[in-house]
1. List every residue pair whose Cβ atoms sit under 7 Å apart, with the two residues 6 or more apart in sequence or on different chains, where the first one lies in the stretch 109-122 and is without any contact (Cβ under 8 Å) to a residue 12 or more places away in the chain and the second, anywhere, is assigned to a helix (DSSP H, G or I) and open to solvent by less than 10 Å² (accessible area, probe 1.4 Å).
2. Among all residue pairs at least 6 apart or on different chains, which show Cβ distances below 6 Å where the first residue, located in the stretch 180-200, is farther than 13 Å from P160 by Cβ and in a helix (DSSP H, G or I) and the second is open to solvent by less than 80 Å² (accessible area, probe 1.4 Å) and not β-branched (V, I, T)?
3. Among the candidates L87, L127, which residue alone is of a type outside the set (D, E), in contact with a helix residue (DSSP H, G or I) (Cβ under 7 Å, 6 or more places away or on another chain) and modelled with pLDDT of 85 or more?
4. Select from the stretch 39-52 the residues that are open to solvent by less than 20 Å² (accessible area, probe 1.4 Å), under 26 Å from V158 (Cβ atoms) and at pLDDT 70 or above and list them in ascending order.
5. Has the stretch 149-160 got any residue that is at pLDDT below 75, within 26 Å of R262 (Cβ to Cβ) and loosely packed, with under 15 Cβ neighbours inside 10 Å?
6. Among the residues of the stretch 166-173, is any open to solvent by less than 30 Å² (accessible area, probe 1.4 Å), in a helix (DSSP H, G or I) and at pLDDT below 75?
7. In this structure, is I65 open to solvent by less than 40 Å² (accessible area, probe 1.4 Å) and either at pLDDT below 75 or among the basic types (K, R) (or both)?
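The values are calculated or read from the model by the stated rules, or taken from the named source; none is laboratory data. Everything numeric here is computed off the predicted structure, so don't read it as measured data. Methodologically, a virtual Cβ is constructed for each residue, glycine included, from the backbone with ideal geometry; neighbour enumeration extends over all protein chains shown. Keep in mind that these areas ignore ligands, DNA and RNA; they rest on the heavy atoms of the full protein, side chains included. Shrake-Rupley method; radii C 1.70, N 1.55, O 1.52, S 1.80 Å.
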Amino acid sequence: MAETSDSSLEKPTIIQQAMASCCGAIITSLLVSPLDVIKTRLQAQSNPFPKGKCFVYSSGLMDHICVCENGNSKAWYKKPGNFKGTLDAFVKIIRIEGIKSLWSGLPPTLIMALPNAIIYFTLYDQLHEALKYRLKKGDEYIPVLAGSLSRFSSLTVVSPLELIRTRMQHRKLSYKQLYLCVSTQVAADGWFSLWRGWSSTVLRDIPFSAMYWYNYERFKKMMCKQVGAHEPTFLIAFTSGAASGSIAAVITQPFDVVKTHRQTALWESETLEIPQRDSTSTWAVMRKVVASNGITGLFAAKEEKERKEEKKRI
């Protein structure tokens, strides 16, 4: 009985899990955002963003669509620079603009990343424990179920919020104007219009989460067994996460390309008020990418693909 009570005390509560998820999201965003700021600045330097042009900003946890503004905006992605590469941009931005510039665009991104991370990771822990308790045998696929369900829930909740945030950011709407805008859209196109681009996100994120958590738990067990540890150390958890994340990212890259294409095309058509002529379904976008760039186009880097698409427009 004493052992049972001790083990139950060691398990984190749902509040502790939520706090840990929040702290993890902040740390990840702080570490990864400078890399994406540099990537965006290099991309804007080689191919300047015109008004209404969309690009993807990543906090390391989730992607966000940013829409370029008009006029003499002092937005961080329009700042001039003559960068020769990643390291050169890193040094020059710190020396000329200050180290804070490496985290430009982070605050609005954190608004969406924090609730997404809290829902995702907390729900995964809760589902993992609940399924493990019910399915005492054959728990090999519990991470797949828990990871898929938790990711499905988090992206379903956050997707309409991201749509609303981007619209509010671009059009400088007040809360009253935003309410009228959203209610008009819902009245015209129905509630499902708030989840535009949701299907391509599901096709990328659900397989990614399923593969990630399956391999993560599997690698942890293998490494713990090899070193004779009962609980995974920080190094074991870090290595397992890096390996499983790399595998999942490579396999789901085609859906990532499609997701970026659909989201940017959607927002460019709305901000420039030009109706989309081509079909934007997931499979239609895949066929278009394969027809223009071959099968390797589905595995191309996002910024490289955007450059090719922009050249075709010109």
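1. Partner pairs satisfying both residue conditions: none exist.
2. S200/K259; S200/R262
3. Details: L87 fails: in contact with a helix residue (DSSP H, G or I) (Cβ under 7 Å, 6 or more places away or on another chain).
After ruling out the rest, the residue left standing is L127.
4. Step one: filter the stretch 39-52 for residues open to solvent by less than 20 Å² (accessible area, probe 1.4 Å), giving 40-41, 43-44, 52.
Then drop every residue that is not under 26 Å from V158 (Cβ atoms), which leaves 40, 43, 52.
Answer for the stretch 39-52, where residues must be open to solvent by less than 20 Å² (accessible area, probe 1.4 Å), under 26 Å from V158 (Cβ atoms) and at pLDDT 70 or above: T40, Q43.
5. Of the stretch 149-160, the ones at pLDDT below 75 are none.
Looking through the stretch 149-160, none of the residues is at pLDDT below 75, within 26 Å of R262 (Cβ to Cβ) and loosely packed, with under 15 Cβ neighbours inside 10 Å.
6. At the first step, the residues of the stretch 166-173 found to be open to solvent by less than 30 Å² (accessible area, probe 1.4 Å) are 166-167.
Filter once more, keeping what is in a helix (DSSP H, G or I): 166-167.
Applying the additional criterion that residues be at pLDDT below 75 yields 166-167.
Yes, because at least one residue in the stretch 166-173 is open to solvent by less than 30 Å² (accessible area, probe 1.4 Å), in a helix (DSSP H, G or I) and at pLDDT below 75.
7. Working: open to solvent by less than 40 Å² (accessible area, probe 1.4 Å): yes; either at pLDDT below 75 or among the basic types (K, R) (or both): yes.
So I65 fits the description; yes.
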